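Engineer: Before anything else, here's the structure in question.
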Amino acid sequence: MATSAGARTGLMADEVGRIEPGMRADLILLDRDHWGFIPLVDPIRQLAFSATSEAVRTSIVDGRIVMRDRKILSVDEDALRSEIREAGERYVRDCVPAMESGARKLAPYLESIYRRAQDAPLAP
């Protein structure tokens, strides 16, 4: 299903499904030392049931290496982390106080509902 049979059922056997010149190649290279492969007894079964995405070391999409040694090559990961960090800090600074204020206003009602539910007898 993952190679030529999948390509045939997807009507793409002329484009994908084999590793050879002229074919579109999407491949992943796995870390043999990943915990999901230790001990290596049945690689196919372990790939399906034990290994996680953490085992992927390198990804090749359409013949282009897009991730090498778990580092994405098409994105500046440090800049992206910085952008996400700044957005998170803005959210905490600009949105969380209003949310906390709204939650404080609702707290007495929620506590009352909780107490009533806690005191209600359970049906046998």
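The values are calculated or read from the model by the stated rules, or taken from the named source; none is laboratory data. Small disclaimer: the values here were computed from a predicted structure and weren't measured. Because the Cβ atoms are built from the backbone with ideal geometry, glycine has one as well, and the counts that use them run over all protein chains shown. Surface accessibility is based on the protein's heavy atoms, side chains included, excluding ligands, DNA and RNA. Shrake-Rupley method; radii C 1.70, N 1.55, O 1.52, S 1.80 Å.
Engineer: For every other residue with a beta carbon closer than 14 angstrom to the beta carbon of ASP31, add +1 if it is Lys or Arg and -1 if Asp or Glu, then tell me the sum.
Structural biologist: On the way: positive: ARG32, ARG57, ARG68, ARG70, LYS71; negative: ASP33, GLU54, ASP69.
Surrounding charge for ASP31 is +2.
Engineer: Also, I was wondering about something else. Please state the charge dipole magnitude for the chain, taken about the Cα centre, from unit charges on C-beta atoms (+1 on K and R, -1 on D and E), reported in debye and rounded to the nearest 20.
Structural biologist: Values: 18 positive and 20 negative charges, 69 e Å.
Dipole magnitude for the chain comes out near 340 debye.
Engineer: Taking a probe of 1.4 Å, how large is the accessible area per residue of the stretch 7-62, in Å²? Each step should come with its number before you reach the end.
Structural biologist: Working: 4290 Å² over 56 residues.
Value returned for the stretch 7-62: 77 Å² of accessible area per residue.
Engineer: Normalized C-alpha radius of gyration of the chain, against 2.2 N^0.38 Å? The partial results should precede the final answer.
Structural biologist: Values: Rg = 25.7 Å, N = 124, 2.2 N^0.38 = 13.7 Å.
Working it through for the chain, the quotient is 1.87.
Engineer: As an exercise, use a Förster radius of 41 Å and the Cβ-Cβ distance of LYS71 and ALA98 to find the FRET efficiency, rounded to the nearest 0.05. Don't skip to the end; give the middle numbers.
Structural biologist: Working: r = 38 Å, r/R0 = 0.94.
For LYS71 and ALA98, the calculated efficiency is 0.60.
Engineer: Quick check: the angle from helix 96-119's long axis to the longest principal axis of the chain, C-alpha only, nearest 10 degrees?
Structural biologist: Tilt relative to the chain: about 70 degrees.
Engineer: Could you calculate the FRET efficiency of ARG90 with ASP42 from 1/(1 + (r/R0)^6), where r is the beta carbon distance between them and R0 is 35 Å, rounded to 0.05? Can you show the working numbers first?
Structural biologist: Numbers: r = 49 Å, r/R0 = 1.39.
Taking R0 as 35 Å, the efficiency between ARG90 and ASP42 is 0.10.
Engineer: Ok, one more. Rounding to the nearest 10 and keeping the result within 0 to 90°, find how far the Cα-based axis of helix 77-94 lies from the longest principal axis of the chain.
Structural biologist: Compared with the principal axis, the helix lies near 10 degrees.
Engineer: Right, here's the next one. To the nearest 500 deg cm²/dmol, what mean residue ellipticity at 222 nm is calculated for the chain from DSSP H runs of n ≥ 4 alone, each contributing -39,500 (n - 2.57), summed and divided by the residues?
Structural biologist: Value at 222 nm, helices only, nearest 500: -14000 deg cm²/dmol.
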